[in-house]
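Novice: The structure under discussion is supplied below as structure tokens; questions concerning it will follow.
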Amino acid sequence: MTAQHAMIAGLAVVLVALPHFVAPYFMHLLIQILLWGFVYTSWSIMGRFGFVSLGHGAFMGVGAYVPALLWNYAGLTPWIGIPIGIGFAVLLGLLVGYPCFRLKVVGHYFALVTLALSQVVMLSIVAARDVTGGSLGFTPKAVGHSWFALQFPEKVYFYAISLGLWFGGLAVWYWIDRGIGREALDAISEDEEAAASIGINVIREKLRVTLISAALTALGGAIYGQYMMYLNPETVSGIAVSLQIVFAAIVGGTYAAIGPTVGALLTISLNEGLRVAFGTNFIGAANTIYGILLVLFIIFMPRGIVGTIQDAIKGRRRGKVTLYGAIRRASSAD
């Protein structure tokens, strides 16, 4: 077993044992960190290859609202409603992604298209107020402890679900990172024309990673909605959510598996800190701070917190190796 494998195993043991030692409030924060970490990781599956989407708030909103609406109005269990919501999110990603990739809409143009998608979904939720509750929000019917309704008053159940989801997100990230398609995606991110000239199906590869990202984001939104038992279009969809996802993934480190989770830790800590410090007197402060920090990180720490730490460690190791080699050469000369 390598040191990295031992570290992962130790982390897993600590995370599994945490519910026995953590107070309910901190358990609530841990669940949110794991769920948002999963959503941010889902975005980074696209973002790390240069496919910058500002529309993941749309996928999260669809994933959150569809199961809740089916449960309230049709009595359909979330075990069926969640896959349906994921299916709608994938279809949405296909309807937007395929024309964009086919017509070679890339860069900031693609980002603007996805940004519009996010806002369209949020405005649609608000407009359908008779069904969704509009801007006042929507509350799924509570039935107490129920596996059928996927509702658990005890936080330990959702902690276990969130932890499993988070590990699953990391597994998908590693699968794409170490898979054979990684080289194709890297080539596409460098130069689409050159990638196509050597036989890479650019549209297929970009659609594949986009739909995987959309599906996982919708799944994260669905579980988040089930846990919070209250949906608001401004907190699970729209531009603000999309920008929060992008901010956390970039600041944490898009190119490291654990980076988006570090971003989740930062965003949850920031939100809770502002809520405790200012209450409702400083509404919107988090989004303002997100914007400022995002600009600073893009300029001074483009690889994010985890990436910068990794680079520093590698630099120290290279420095030690160089120093050791110089000492050996000097000894040999003597």
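Novice: With respect to Ile245, is the statement that it is open to solvent by less than 10 Å² (accessible area, probe 1.4 Å), out of contact with any Ser or Thr (no Cβ under 9 Å at 6 or more places or on another chain) and either touching a residue at least 24 places away in the same chain (Cβ under 8 Å) or not in a helix (DSSP H, G or I) (or both) true? Please lay out each step first, then the result.
Specialist: Working: open to solvent by less than 10 Å² (accessible area, probe 1.4 Å): yes; out of contact with any Ser or Thr (no Cβ under 9 Å at 6 or more places or on another chain): no; either touching a residue at least 24 places away in the same chain (Cβ under 8 Å) or not in a helix (DSSP H, G or I) (or both): yes.
Answer is no for this residue.
Novice: Quick test of your reading of the structure: Ile161 fulfils all but one of (1) touching a residue at least 40 places away in the same chain (Cβ under 8 Å); (2) open to solvent by 50 Å² or more (accessible area, probe 1.4 Å). Name the failing condition by number.
Specialist: Unmet for Ile161, out of (1) touching a residue at least 40 places away in the same chain (Cβ under 8 Å); (2) open to solvent by 50 Å² or more (accessible area, probe 1.4 Å): (2).
Novice: Among the residues of segment 97-121, write down those that are open to solvent by 30 Å² or more (accessible area, probe 1.4 Å), at negative phi and either assigned to a helix (DSSP H, G or I) or polar (S, T, N, Q) (or both). Steps first, answer last, please.
Specialist: Of all residues in segment 97-121, those open to solvent by 30 Å² or more (accessible area, probe 1.4 Å) come to 98-99, 102-109, 112-113, 115-116, 119-120.
So of that shortlist, the ones also at negative phi come out as 98-99, 102-103, 105-106, 108-109, 112-113, 115-116, 119-120.
Within segment 97-121, Tyr98, Pro99, Arg102, His108, Tyr109, Leu112, Val113, Leu115, Ala116, Gln119, Val120 qualify.
Novice: Can you tell me which of Arg316, Arg329, Arg275 is more than 24 Å from Gly37 (Cα to Cα), part of a helix (DSSP H, G or I) and either touching a strand residue (DSSP E or B) at 6+ places or on another chain (Cβ under 9 Å) or at pLDDT 65 or above (or both)? Even if it seems obvious, please write down each step before you answer.
Specialist: Numbers: Arg329 fails: either touching a strand residue (DSSP E or B) at 6+ places or on another chain (Cβ under 9 Å) or at pLDDT 65 or above (or both); Arg275 fails: more than 24 Å from Gly37 (Cα to Cα).
After ruling out the rest, the residue left standing is Arg316.
Novice: Select from segment 16-52 the residues that are outside any helix (DSSP H, G or I) and not basic (Lys, Arg) and list them in ascending order.
Specialist: Within segment 16-52, the first condition is being outside any helix (DSSP H, G or I), and the residues that meet it are 21-23, 48-52.
Answer for segment 16-52, where residues must be outside any helix (DSSP H, G or I) and not basic (Lys, Arg): Phe21, Val22, Ala23, Phe49, Gly50, Phe51, Val52.
Novice: For segment 221-242, name all the residues that are in a helix (DSSP H, G or I) and not small (Gly, Ala, Ser).
Specialist: Ile223, Tyr224, Gln226, Tyr227, Met228, Pro233, Glu234, Thr235, Val236, Ile239, Val241, listed by residue number.
Novice: Which of the residues that make up segment 122-157 are of a type in the set (A, V, I, L, M, F, W, C), touching a residue at least 60 places away in the same chain (Cβ under 8 Å) and part of a loop (DSSP other than H, G, I, E, B)?
Specialist: Of everything in segment 122-157, those that are of a type in the set (A, V, I, L, M, F, W, C), touching a residue at least 60 places away in the same chain (Cβ under 8 Å) and part of a loop (DSSP other than H, G, I, E, B) turn out to be Ala142, Phe148, Ala149, Leu150.
Novice: Restricting attention to segment 128-147, which residues are among the aliphatic types (A, V, I, L, M) and exposed (fewer than 13 other Cβ atoms within 10 Å of the Cβ)? Steps first, answer last, please.
Specialist: Quick first cut of segment 128-147, residues among the aliphatic types (A, V, I, L, M) only: 128, 131, 136, 142-143.
The answer is Leu136, Ala142, Val143.
The values are calculated or read from the model by the stated rules, or taken from the named source; none is laboratory data. Here the structure is a predicted model, which is why all the values come from computation and not from measurement. Methodologically, a virtual Cβ is constructed for each residue, glycine included, from the backbone with ideal geometry; neighbour enumeration extends over all protein chains shown. The area values use the complete protein model at the heavy-atom level, side chains included, leaving out ligands, DNA and RNA. Shrake-Rupley method; radii C 1.70, N 1.55, O 1.52, S 1.80 Å.
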